[in-house]
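Derivation of every value follows stated rules applied to the coordinates shown; laboratory data play no part. Worth saying up front: this structure is predicted, and the values here are computed from it rather than measured. Heads up, the Cβs are rebuilt from the backbone with ideal geometry, glycines too, and the neighbour counts pull from every protein chain shown.
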Amino acid sequence: MHRVRLPVGATTLVEIGHGVEPAEVLATSRPPGGGTSLQVASRLRRSAAEAVDLLSVRPGTVLEAGERLAEDGDGREVLAPYACLFLGYDADDGTALIAPLGATEPILGHVRGEVTSVGAEAIEIRVTGALVAGVGGSGSAVHGELRMAVHEPGEELRAGAIDVGATGRIMVGGSRASAETLTRARAMGVAGIVLGGVLDKELRDFEATQVRRREVGGVRGDFAIVMISGFGKVGLDAALFAWFQSHEGRLASLFGAAARIYVYDADPPPARRALARVGDRVIAHRRPFAGLGGELVRVLDLPHATPAGVTARSGLVSFEDGRSAIVPLANLEAMEPRDGG
Amino acid sequence: MTEISTELALLVDVGSAWAKAGVIGRVRGRWRLVAHAAQPTAWGPAELRRSLIRQLNAAGDPRLADRYDELLASANRIECHTARQPGRLAVVAVSRELSGSTARRAAEAAGWQVTELVTLDDGRSLAERLATLQAADVDAWLVAGGFDDARSPRALEAAALVASARMPDGGPVIWAGSAQLTNEVMLLFEGGAASAVANARPDARREEPGPLRDRLQAILRQSVAPEDEAHLSTIAFTHAVGAIAADGGLRVLAVDLGARGGVRVVAEADGTTSTTVHSSGGMAGATLMAGAAGRVARLAGDAGDEAAVADVLQTLRARPASLPQTPEELSATQAAARMLIGAMVEDPATDPVDLVIGAGLTISGAPHPAQAARMLLDGVRPLGITQLAVDSGSVLGPLGSLGDDEIGEGMTLLADDLLLPLGTAVVCRGGEPGDAAMRVTVHRSGWPTPSPVEVRVGQLLVAPLGRGQEAELLIEPAAGVSLGAPRRSSRIEARATGGAVGLILDARGVPITLPRRGDDRRAVLAGWRDALMRETERIA
């Protein structure tokens with residue numbers, strides 16, 4: 001279930017049962033601009049304290065131009081000079097704080113599915129896509145076609161892989177992308193990026209540049225990043241990478257801050273399980289094997305100490321890069337076979 | 001053949017990321033912790049039981065080997081658990097640095113998770129602020145701003161912002177701003193929705209978050225976590241610490257550093273307690289602290305550069321049920337723990353205590369007791385003479401869920417396994433670098449009195465004093481050096497009890513100051529680490 005929160009005063013355009021597409025407008029709203037003061041008490045010829053009882057509206061009310069904001073019952077009234085949001089009343093100086101409403105803006109759901117509820121607060125949609133959950137992300141909700149940007153799950157996404165063909169797409173990278181690569185992707189109009197991992201410092205550097213550019217008005221359009229495996233140079237799991245490859249060109253929705261991806265018309269992605277058993281395909285989550293896949297060959301009878309000295313229930317993993325190592329089971333996730341076999 | 005009978009009790013602490021369980025049973029007439037397991041909570045209770053049974057089969061009475069499953073199923077189960085859902089709060093304030101930071105800290109110390117912080121100086125437009133707040137999915141709203149001696153229009157604007165963004169019946173609103181604006185603010189909301197509390201920042205120089213914290217705690221209990229309180233980890237842990245304090249006539253500070261949240265309890269000798277719950281104060285919250293990666297890299301010395309540490313801290317957030325595998329990751333994790341404990345103890349500041357207890361897997365599950373001691377010592381900086389211990393069996397939470405009439409009995413039964421004593425720390429501050437800070441004579445009954453040990457400013461020494469041993473200390477602080485309490489004489493006599501680490505003589509100051517140059521800092525940090533480890537290994 002996906003929940004699209006609606007701002008106060010939004011106008012909904014869909015009904016329960018309606019099938020929606022990611023680019024479809026679900027509602028419209030008129031975002032308020034900077035607040036301004038409007039004399040209320042003096043127009044009603046009352047004291048500032050008395051006028052509070054003559055208000056016709058509560059904070060959060062959307063008023064159209066000419067709509068009544070306050071009246072004294074003797075024919076005097078204060079009308080909204082333009083469409084605005086009533087924010088509050090200052091009983092000290094007798095003014096109302098109002099924010100003029102800007103041009104109508106669309107509210108997109110960014111998902112494909114069926115509307116299950118419509119309220120003043122939110123619209124809920126049952127999503128019909130395959131969900132992949134990440135461990136972190138950044139940015140807003142976007143959608144676009146999936147496009148593979150690397151050939152191997154452990155390959156780093158380079159700036160050179162971002163070309164004009166990537167505009168409006170969701171790029172699937174590998175183990176890492178530098179702040180420069182992310183900046184170029186955004187500049188080229190890429191909708192979003194899916195990565196195995198990213199260095200936290202580079203992600204923060206990228207976010208800092210975006211904040212500065214937004215402050216000077218240099219950033220337009222939405223952009224999102226989702227990390228699937230972890231932080232640092234961490235590759236995508238090979239099975240999940242292959243799943244993304246097999247769905248290249250499909251429509252997908254990316255929710256950066258929520259670290260979620262929906263891919264439409266897709267098979268279920270490889271599922272994960274917390275407790276791995278002998279014979280399972282596993283993926284490791286901590287250094288020095290973070291992001292590496294392999295097979296859990298044996299679970300040790302007794303707890304085993306990691307090189308750090310932490311004693312834990314552990315298993316022998318034969319990794320896909322040829323290495324074998326004893327890894328705490330807490331640092332492994334089992335990958336469930338897709339067909340259940 | 002005579003059937004062997006036994007009595008077992010199961011202590012279970014189910015955390016947000018880790019579940020811990022212990023089995024206590026009667027061994028040669030005494031109740032002991034006979035099995036203990038910790039595992040990711042996601043593995044489920046059946047796996048936890050299998051882990052315990054494996055241990056019991058390996059170490060328990062072989063005649064019971066086939067019966068442990070049945071015995072555990074019928075054992076008395078004493079359980080506590082983390083609150084299922086943290087309370088989510090939006091904070092709207094006038095300034096980020098003053099009212100915003102005060103309100104945020106008070107909210108987090110009351111156990112709330114601050115999901116949105118909007119301030120009128122955050123660089124966003126009104127529309128962006130409104131959009132942010134309208135999109136906020138929260139259980140309550142906190143508005144703060146303005147000093148008590150003035151009517152700040154900006155504070156009223158902050159309240160109006162909430163009134164505009166919040167849907168009717170959209171959760172309680174707490175006004176903790178200028179007292180002069182209270183009436184106006186109350187009128188912005190539907191009847192009964194808003195309540196006022198004393199301004200947490202009554203003027204620019206004063207911060208009084210206590211009443212706000214108390215109100216927020218009360219609202220959290222009423223509206224968000226109406227669970228069986230006795231079994232909530234925060235309540236149960238506090239109860240157990242209070243019982244330990246009352247039992248020993250000690251003033252106790254206990255910190256439970258969890259995967260997501262942290263709890264700090266101060267218990268007086270009469271058993272009364274004060275608790276602060278830091279919803280984001282656990283290991284996952286390290287990455288949220290300002291400049292965390294740089295600070296942790298500096299504090300650790302051997303965890304890698306700032307970028308590498310930043311990734312470790314994010315991993316602690318993203319995968320709280322995983323374990324450090326490399327020495328660098330462990331070092332970063334423990335340095336982060338020291339930083340988090342420091343933040344918990346600072347707010348509010350703690351007066352000297354007799355006993356410091358560390359709980360939570362990062363502390364109590366540290367590979368080496370010296371590492372646990374260092375997390376407590378560096379995090380708390382307990383000035384004076386203080387015993388250190390850890391809740392190594394994770395039993396305090398479950399035991400604390402027992403009623404007042406049962407907890408004493410439970411503690412008595414578990415006497416030897418209740419806490420793992422680490423030893424006694426003597427911490428001083430003051431003095432000039434390189435000069436002598438204090439001379440300590442350690443006298444143990446039946447042993448010849450040795451020469452005094454001289455501890456220099458900036459030095460950390462460990463003297464052998466094993467578990468169960470006691471010693472009389474004669475401490476002679478140098479001029480300008482303090483152990484906290486006012487001095488009537490140039491000599492202080494005290495009693496020290498031993499533990500897994502020993503007697504720690506710590507003249508590194510409060511707070512610890514580190515050399516600015518990287519190489520010097522790393523050398524000093526390695527020296528302290530080695531001093532703690534060396535003696536502990538000798539005792540072991």
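Structure above, values below:
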{"quantity": "Whole-number D in µm²/s for the range B:423-540 (Stokes-Einstein; Kirkwood sum over Cα pairs; 20 °C, 1.002 mPa s)", "calculated": "145 µm²/s"}
{"quantity": "Taking chain A and dividing mean pair separation by its residue count, relative contact order in percent (alpha carbons under 8 Å, at least six apart)", "calculated": "14 percent"}
{"quantity": "For the range B:8-81: rounded, prolate or oblate by the Cα gyration tensor [a/c cutoff 1.5]", "calculated": "prolate"}
{"quantity": "For the protein assembly as shown, calculated [θ]222 nm from helices alone, where every DSSP H run of n ≥ 4 adds -39500 (n - 2.57)", "calculated": "-7500 deg cm²/dmol"}
{"quantity": "Averaged over A:308-317, number of beta-carbon atoms from partner chains that fall within 10 Å", "calculated": "5"}
{"quantity": "Spin-label model distance (nm) - residue B:520 vs residue B:198, 7 Å beyond Cα toward Cβ", "calculated": "4.5 nm"}
{"quantity": "Cα-based equivalent ellipsoid, chain A: semi-axes from gyration tensor eigenvalues, Å", "calculated": "52, 21, 20"}
{"quantity": "Spherically averaged projected area of the range A:129-263 from its Cα convex hull (nm²)", "calculated": "6.7 nm²"}
{"quantity": "Whole-number percent relative contact order across the range B:423-540, with pairs defined as alpha carbons under 8 Å at least 6 apart", "calculated": "34 percent"}
{"quantity": "Loop GluC sites (Glu not before Pro), the range A:5-77, which have at most 14 other Cβ atoms in a 10 Å radius of their Cβ (DSSP)", "calculated": "A:15, A:64"}
{"quantity": "Where the Cα pairs of the range A:66-182 fall when distances are cut into 10 Å bins, in %", "calculated": "9, 23, 20, 18, 15, 10, 4, 1"}
{"quantity": "Mean separation of Cα contacts under 8 Å, 6 or more apart, over the residue count of the range A:68-116: relative contact order %", "calculated": "22 percent"}
{"quantity": "With Cα atoms, 0 to 90° folded angle of helix A:200-215 axis to chain A main axis", "calculated": "20 degrees"}
{"quantity": "With Cα atoms, 0 to 90° folded angle of helix B:404-413 axis to chain B main axis", "calculated": "30 degrees"}
{"quantity": "Chain A: most fluctuating residue of A:134, A:168, A:322 per GNM, C-alpha cutoff 10 Å", "calculated": "A:322"}
{"quantity": "Pairwise label distance in nanometres, residue B:491 with residue A:216, each label 7 Å out on the Cα-Cβ vector", "calculated": "7.1 nm"}
{"quantity": "Rough spin-label spacing in nm, given labels placed 7 Å along Cα→Cβ, for residue A:246 and residue A:163", "calculated": "2.8 nm"}
{"quantity": "Sorted largest first, extent of the range A:221-339 alpha carbons per principal axis (Å)", "calculated": "52, 31, 23"}
{"quantity": "Shape box of the range B:49-103 [Cα atoms, principal axes, largest first, Å]", "calculated": "69, 20, 14"}
{"quantity": "Average beta-carbon neighbours from other chains, 10 Å sphere, peptide A:83-91", "calculated": "6"}
{"quantity": "10 Å Cβ neighbours from other chains, averaged over peptide A:323-330", "calculated": "3"}
{"quantity": "Cβ charges +1 (Lys, Arg) and -1 (Asp, Glu), total dipole of the range B:423-540, debye", "calculated": "220 debye"}
{"quantity": "Shape of chain B, Cα gyration tensor, a/c cut at 1.5", "calculated": "oblate"}
{"quantity": "Counting all C-alpha pairs of the range A:36-100, share separated by more than 17 Å (%)", "calculated": "27 percent"}
{"quantity": "As computed over the range B:320-394, the Cα convex hull volume per residue (Å³)", "calculated": "93 Å³"}
{"quantity": "Cleavage-rule hits (trypsin sites (Lys or Arg not before Pro)) in the range B:189-267: DSSP loop, at most 12 neighbouring Cβ within 10 angstrom", "calculated": "B:205"}
{"quantity": "GNM flexibility winner over chain A from A:211, A:150, A:282 (Cα, springs under 10 Å)", "calculated": "A:211"}
{"quantity": "Using alpha carbons only: equivalent-ellipsoid semi-axes of the protein assembly as shown, gyration tensor based, whole Å", "calculated": "49, 37, 27"}
{"quantity": "Size of charge dipole - the protein assembly as shown - debye, nearest 20, with Cβ of Lys, Arg +1 and Asp, Glu -1, no other charges", "calculated": "1920 debye"}
{"quantity": "Distance from the range A:51-91 to the range A:33-48 (C-alpha centre basis), Å", "calculated": "9 Å"}
{"quantity": "Residue (of B:316, B:72, B:442) at the positive-pole extreme of chain B, dipole from beta-carbon charges", "calculated": "B:442"}
{"quantity": "The range B:251-306 - convex hull of alpha carbons, volume per residue in Å³", "calculated": "90 Å³"}
{"quantity": "Loop-located trypsin sites (Lys or Arg not before Pro) in the range A:1-46, at most 12 other Cβ atoms within 10 Å (DSSP)", "calculated": "A:45"}
{"quantity": "Rounded to the nearest 20 debye, dipole of the range B:1-73 from Cβ charges on Lys, Arg, Asp, Glu", "calculated": "280 debye"}
{"quantity": "Rounded, prolate or oblate (a/c below 1.5 giving rounded, otherwise prolate when a/b exceeds b/c) for the range B:87-224 by Cα gyration tensor", "calculated": "rounded"}
{"quantity": "Cα-only radius of gyration and Dmax that characterise the range A:272-336, units Å", "calculated": "10.4, 30"}
